Amino acid sequence: MVPIADKQRGVAIRVLMGALVLMLTAALLLETGAGAAMLRAPTPTRIFASAGTAPSSLKRKCAKRRGRAHGKRHRSAGSCRSKKRSLPSVTFSPQGPAVATDSSRGVASGGGGGGGSSGPPEHKGSPAPQPEENSSTPIEPAPTAEEPPAEQPPAEEPPAAEEPPAPEEPPAAEEPPTPEEQPVAEGPQEPEEPHRFYAPTSFWNAPLPAEAPLDPSSAPLMEAFRAEISNELENHFGPAINTTEWSVPLYRVPADQPLEKVTLDAPNAPVLQEAFASVPIPPDAKPAAGTDATLVVWQPATDKVWEFWRASRESDGWHADWGGATRGVSTASGYYGPASWPGAKPWWGASSTSLGVIGGLITLEDLERGVINHALQIAIPKARAGLWALPAQRTDGTSIDPLTLPEGAHLRLDPDLDLSTLAMPPLTRLIAQAAQRYGIVVNNSAKTVCFYAEDPTRTGTDPYHRPGGYFEGAYPGALLASFPWDHLQLLRMELAGPAAS
């Protein structure tokens, strides 16, 4: 019989030996890194890979996976002979990579430089695996000799389970139309600028540069002109805005307007009579009241304009004492000459200068839209005799006073004048804005200084004098009293005529 004390000593020795074996085993595991691998990847596959003792069947499976992995650049970490790093899992959403939608164009735009695409970017395969972060165990590089040879990915597509599904195409009915197919937007549109006659580069339409040179005689001539304005304002007979008398009725006619002959009563003008032989003039057209009896016919379809001086409808048809005709009016210069019509002469036209009477006309369209986008025309008393400023071609001036303006003179408001600081009625402000940007051209002579606004007779109404009309119940002289006449300047003139030498 063994003493109890010896039995106890034997148990203690066996316990100590077992503990020693466990400690040695743990130390060995820690030294080889298997313990860390067990903590990170407790599955049998990870443990075998870390210990380098994977069964041959598992190695064959890993080799097959490498062959199927299209586009995966695993390098050493991608092989089943793991070098103590794990492969991150790559998850695709069912919709594929996120894309931002530009609702204004109705197409998808790739975020961060993938713009213009209607779907996800091209699939380039899974990202290259990276070592895990926050690992407490250092990652040791695998020996070079154990690296598997680089493998080219097979030509076949990767398994469907690893491919992000293509995003569903939206129904065709929901696709926005292309720009050419966009429907015309309904509702109020941005108003276009009022129509203006003659070429954009015409002196009637070209904006004046701020540095446009002034005539050497600007100061004395403008002082004399302001004295005329002051005299008219003091005596309440001007300045004026001609509308229902001594102005210009403008008839816009369609392409199929019947043609009529307008008999030219002036002798020795066969070319002008030929231009008047077929005119699309309405039978109910009415010339302006007053002895000038001006009338203008405009046919946009043919881009032609006819203007008549002292027009009348007689028992045998239409007559006129003089006038002019312009073809290609949208590109014309704005004054009469050989380019206006085949055989045209510089002395054609219903004005006394041969400048077109519609170039500087304040039209009803100008007033309806609230903008005058061209120069204005005025008539003045005491125009200079025997002298005119180009592009005027003639004059009916009678004054020999050297301080009177020649016809054709181009005035403008000082460009440095801030019109917003001045109190003016709306119509006066429109006139001042046009005078500053485009200027005022002397186109005729008259008893008072006067502007020209379209004769409204053809409309059957009077938008100027009616209650709430453009004149606001006042006479034109009262409206123009607030016009900044003191700031008018005379642009440099090129003079012509017998008195120019």
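Amide H to amide H distances under 5 Å link L250 with D455, where only residues 5 or more positions off or on other chains count and H is placed in the peptide plane. Placing pseudo-labels 7 Å out from each Cα toward the beta carbon at K447 and N373 gives an inter-label distance of 3.8 nm. With a sphere of radius 13 Å drawn around the Cβ of E232, what net charge do the other residues whose Cβ falls strictly inside it have (Lys, Arg +1; Asp, Glu -1)? Combined, the nearby Lys, Arg, Asp and Glu give +1. Between A224 and E472, the FRET efficiency from the beta-carbon distance, with R0 = 30 Å, is close to 0.45.
Rounded to the nearest whole Hz, the Karplus-based 3J(HN,Hα) values (6.51 cos²θ - 1.76 cosθ + 1.60, θ = phi - 60°) of the range 232-239 follow the sequence 5, 5, 5, 9, 6, 10, x, x, with x at glycine and proline. Entry note, the range 372-501: relative contact order of 37 percent, from Cα contacts under 8 Å with a spacing of 6+ residues. Each residue of the range 334-346 was assigned a 3J(HN,Hα) from its phi angle through the Karplus curve 6.51 cos²θ - 1.76 cosθ + 1.60 (θ = phi - 60°); the sequence is x, 9, 7, x, x, 7, 6, 6, x, x, 4, 10, x Hz, with glycine and proline shown as x.
Site pair T331 and D462 shows an inter-label distance of 4.3 nm when each label is modelled 7 Å from Cα along Cα→Cβ. Computed from backbone phi with θ = phi - 60° and the Karplus coefficients 6.51, -1.76 and 1.60, the 3J(HN,Hα) list for the range 199-211 is 5, x, 8, 4, 4, 6, 10, 6, x, 7, x, 4, 8 Hz; x is used for glycine and proline.
For R310, neighbours were defined as the other residues whose beta-carbon sits under 11 Å from its Cβ, and their charges (Lys and Arg +1, Asp and Glu -1) total -3. Near the amide H of K261, within less than 5 Å, lie the amide hydrogens of V279, all on another chain or at least 5 residues away, with H placed in the peptide plane.
A probe of 1.4 angstrom, applied to the heavy atoms of all protein chains, finds K382 with accessible area near 130 square angstrom. Each other residue within a Cβ distance under 15 Å of E472 adds +1 if Lys or Arg and -1 if Asp or Glu, for a net charge of +1.
Between S501 and T244, the contour length at 0.36 nm per residue exceeds the alpha carbon distance by 88.5 nm. Using a simple spin-label model with pseudo-atoms 7 Å out from Cα toward Cβ, A423 and N268 lie 5.8 nm apart. Ligands, DNA and RNA are left out, and with a 1.4 angstrom probe the accessible area of the range 255-295 is 52 Å² per residue.
If you count only protein heavy atoms with a 1.4 Å probe, what accessible area per residue comes out for the range 356-428, rounded to a whole Å²? List each step's numbers first, then the result.
On the way: 2600 Å² over 73 residues.
For the range 356-428, the per-residue accessible area is 36 Å².
Amide H to amide H, with H built 1.01 Å from N, I380 comes under 5 Å of N444, S445, A446, counting only residues 5 or more places away or on other chains.
Just list whichever of K261/K286; K304/K447; K286/K447 have alpha carbons separated by over 27 Å in the model shown. From K261/K286; K304/K447; K286/K447, over 27 Å: K304/K447.
The values are calculated or read from the model by the stated rules, or taken from the named source; none is laboratory data. Because the structure is predicted, anything quoted here is derived from the model rather than measured. Cβ sites come from the backbone with ideal geometry, for glycine too, and all protein chains shown count toward neighbours. Just the protein is used for accessible areas: all its heavy atoms, side chains included, with ligands, DNA and RNA removed. Shrake-Rupley method; radii C 1.70, N 1.55, O 1.52, S 1.80 Å.
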